[in-house]
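I have placed the structure first, in the form of structure tokens, so that the comments after it can refer back to it.
Here, each number is a calculation from the coordinates, and none is a lab measurement. Since this is a predicted model, take the numbers as computed values, not measurements. All Cβ positions, even for glycine, are placed from backbone atoms using ideal geometry, and neighbour counts span all protein chains on display.
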Amino acid sequence: MLDISICICTFRRPVLLRVLLDAIHQQEADHLTIQVVVVDNDPAQSASQVLSEARSQFGDRLTPVALAESNISLARNAAVHAALGEWIVFIDDDERPEPGWLSSLIKTQQKHTADVVFAPVLAEYADGVAEWLKQGGYFDRRRLVTGTTVTQTDARSGNVLVRRTALMRLCDASASPPHNGPFDAAYGKTGGEDSILFRQLEAAGARMVWCDEAPVYEWIPLERAQAKWLLQRSYRTGQLFMRTELAMQQGGARIIRAAYLASRAAMQLLVAAVLAIVLLAVKPLQSFKWLRILASQAGKLSYLFGSLSQAYGSAS
């Protein structure tokens, strides 16, 4: 068995994929055998040229997979089932690691005997992004001290090392790949598939820790660095929070939890609306912060009334 499989799902980002593969090729392997699995989830197979060129770098260590059905869960599942490594690293096609990234993940895993190791994702802005947006830190994520136990609150699939056997235990033996998991295909168009997976791993007792020495840089293009996009993301994140939170509850507990979350969201929405208006003229960045909170709470409430936005399957 190989030691590590680096799994990448890509959708219409050939230029960024090329940058990522170049950065992976520069990683120090520490005498480990590395496989690179790339799932092209574009029906038009827009990554084919890049993958063909990457053969000269990786040779047989590159495993390309074509998956025409645009569904991020199925794409991740296809990558997991094509992986031969004892360990799997998930990294997104718009992320770029620096030298030493892979070694740092491995060292943290070994030191803390972890099943899952998460690491930072830092924003890398395109030229022309407004300064107010950078100052607002809207693409920043919380960072932790290396070795800190990570809960589902900070769990996500970008830049994470996972024990493959832990993933395979979540698969459905009665179904065929990639529909058998470990990622739930029901979340493949909306997102939230990673939240559910890491909630399941946490419930199964997986040891999940943080490694702050292994950051990757996420490319933020101009079309994302906009107030409208950020508000839409906050709305969608609110929906996904409510969906994944309630998915872990059953029967009466689910009803009680839904009622509590709905009442809390309604109160927070009203508070956020007032503060967004009051601060607009004097502290616009703070006003926008509360506007995003308002959008998130609106998303939570909308999910309870049957609304669910789709996010996967577009170039953004």
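Which is farthest toward the positive dipole end of the chain among Ala311, Ala272, Thr165, measuring Cα position about the Cα centre, with Cβ charges +1 (Lys, Arg) and -1 (Asp, Glu)?
Ala272
For Gln135 and Ser174, what is the calculated FRET efficiency with R₀ set at 35 Å and r taken between the beta-carbons, to the nearest 0.05?
The value I calculate is 0.10.
How big is the gap, in Å, between the Cα center of the range 274-304 and the Cα center of the range 157-185?
36
For n ≥ 4 DSSP H runs only, could you compute -39500 (n - 2.57) per run for the chain, divide by its residues and tell me the 222 nm figure to the nearest 500?
Calculated at 222 nm, the ellipticity per residue is -14000 deg cm²/dmol.
Farthest toward the dipole's positive end in the range 2-220, which of Val129, Ala204, Ala82, given Cβ charges of +1 (Lys, Arg) and -1 (Asp, Glu) about the Cα centre?
Ranked along the dipole, the leading option is Ala204.
Taking 0.36 nm per residue of sequence separation and subtracting the Cα-Cα distance, how much length would be gained by fully extending the chain between Ala203 and Gln226, in nm to one decimal?
Difference between extended and current length: 4.6 nm.
R0 = 22 Å: FRET efficiency of Arg143 with Glu98, Cβ-based, nearest 0.05?
According to the calculation, E is roughly 0.90.
Could you check the spin-label model distance between Asp127 and Thr151? Points 7 Å from the Cα along Cα→Cβ, value in nm.
4.5
Along Cα→Cβ, 7 Å out, is where each label goes; now give me the distance between the ones at Ser263 and Glu28 in nm to one decimal.
Taking the two extended label points, one gets 5.6 nm.
Under the 0.36 nm per residue contour assumption, what length would be gained going from the current alpha-carbon distance of Glu69 and Ala281 to full extension?
71.6 nm
Note the full-extension length gain between Gln310 and Val274 as 0.36 nm times their separation in residues minus their Cα-Cα distance, in nm to one decimal.
Gain in length upon complete extension: 10.1 nm.
Order of Asp30, Asp184 from fewest to most other C-beta atoms within 10 Å?
If I rank by nearby Cβ atoms, fewest first, I get Asp30, Asp184.
Find the relative contact order for the range 1-109 and round it to a whole percent, using C-alpha pairs within less than 8 Å whose residues are 6+ positions apart.
Relative contact order comes out at 44 percent.
Give me the percent relative contact order of the chain, please, defined on Cα pairs under 8 angstrom at least 6 residues apart.
Relative contact order of the chain: 20 percent.
For the pairs Lys189/Lys289; Lys228/Lys283; Lys111/Lys134, flag any whose C-alpha to C-alpha distance is greater than 24 Å.
Lys189/Lys289; Lys111/Lys134
Return Leu74, Leu270, Leu308 ranked ascending by Cβ neighbour count within 10 Å, so the fewest neighbours appear first.
Leu270, Leu308, Leu74
Going by how many other beta carbons lie within 10 Å of each one, how would you line up Ser296, Ser174, fewest first?
Exposure proxy ranking, most exposed first: Ser174, Ser296.
What net charge do the residues around Gly136 carry, taking every other residue with its C-beta under 12 Å from that of Gly136, with Lys and Arg at +1 and Asp and Glu at -1?
Local charge sum for Gly136: +2.
In degrees between 0 and 90, to the nearest 10, how far off the longest principal axis of the chain does helix 284-304 point, with axes built from Cα atoms?
80
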